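Student: Before anything else, here's the structure in question.
Values in this text are rule-based calculations from the coordinates and carry no lab data. All of these numbers come straight from a predicted model, not from anything done at the bench. FYI the Cβ positions are ideal-geometry reconstructions off the backbone, even for glycines, and counts take in every protein chain you see.
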Amino acid sequence: MSKRKKDKKRRRSRRQGPSLDRRRHSQLWEATDLMHRKKWAEARAVLEPLNSRHPGQADILTALAEVLHHLGDYARYEAVCAELSSLNPNDPAFTLSLGGAYLLNGRPALALRTLQRFVDRWGNDPRAGEVRATIAEVGEELDEMLSEHG
């Protein structure tokens, strides 16, 4: 590629870069505004395509997770929480959200494993006591379920 074509391409990418970023932020602000007004379905209609165009962005995924939780779409909520936890393995909030998503979807063994990982890594977190209580409760329920099914 000639130097002239490279320079032209570089200038074009500089022009498009910030405008694409502004558009992304504008749509995220629009979704956030809809969320503040509790217009969950409308916010989802903004966030789902935004997430498709900009995959792996924690700010978009976090907003989408909140919307999905409010809409009761727990299967999709779990998938988004798993993606967030994978993208940010050192963030206790995402690990905790994933554990909660497993509970909402009736997956107690996965919830226990994830919540135990939270306690093991962030045992001094202010939420750790409550998580330990949840682990004990879910563990008892899981033991009962397993003993009933022999």
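Student: Taking the chain as a Gaussian network, where each spring joins two C-alpha atoms under 10 Å apart, which residue of Leu87, Leu61, Leu112 fluctuates the most?
Tutor: Most flexible of the set in this elastic network: Leu87.
Student: Build a GNM of the chain with springs between Cα atoms under 10 Å: which of Arg44, Arg127, Arg53 gets the top mean-square fluctuation?
Tutor: Fluctuation is largest for Arg53.
Student: Roughly how big is region 99-150's charge dipole about its Cα centre, with Cβ charges of +1 (Lys, Arg) and -1 (Asp, Glu), in debye to the nearest 20? Working shown, then result.
Tutor: On the way: 6 positive and 9 negative charges, 79 e Å.
Rounded to the nearest 20 debye, it is 380 debye.
Student: Please report Trp29, Trp40 as a ranked list, fewest other C-beta atoms within 10 angstrom at the top and most at the bottom.
Tutor: Working: Trp29 11, Trp40 18.
In order of increasing Cβ crowding within 10 Å: Trp29, Trp40.
Student: Something else: For every helix of n ≥ 4 consecutive DSSP H residues, a contribution of -39,500 (n - 2.57) applies; sum these over the chain, divide by its total residues, and give [θ] at 222 nm rounded to the nearest 500 deg cm²/dmol.
Tutor: -28000 deg cm²/dmol
Student: Work out the charge dipole of the chain with +1 on the Cβ of Lys and Arg and -1 on the Cβ of Asp and Glu about the Cα centre, then indicate which of Leu142, Ala111, Gly72 is farthest towards its positive end.
Tutor: Of the options given, the answer is Gly72.
Student: Round to the nearest 10 and give me the degree value, 0 to 90, for the angle of helix 128-148's Cα axis relative to the longest principal axis of the chain.
Tutor: 60
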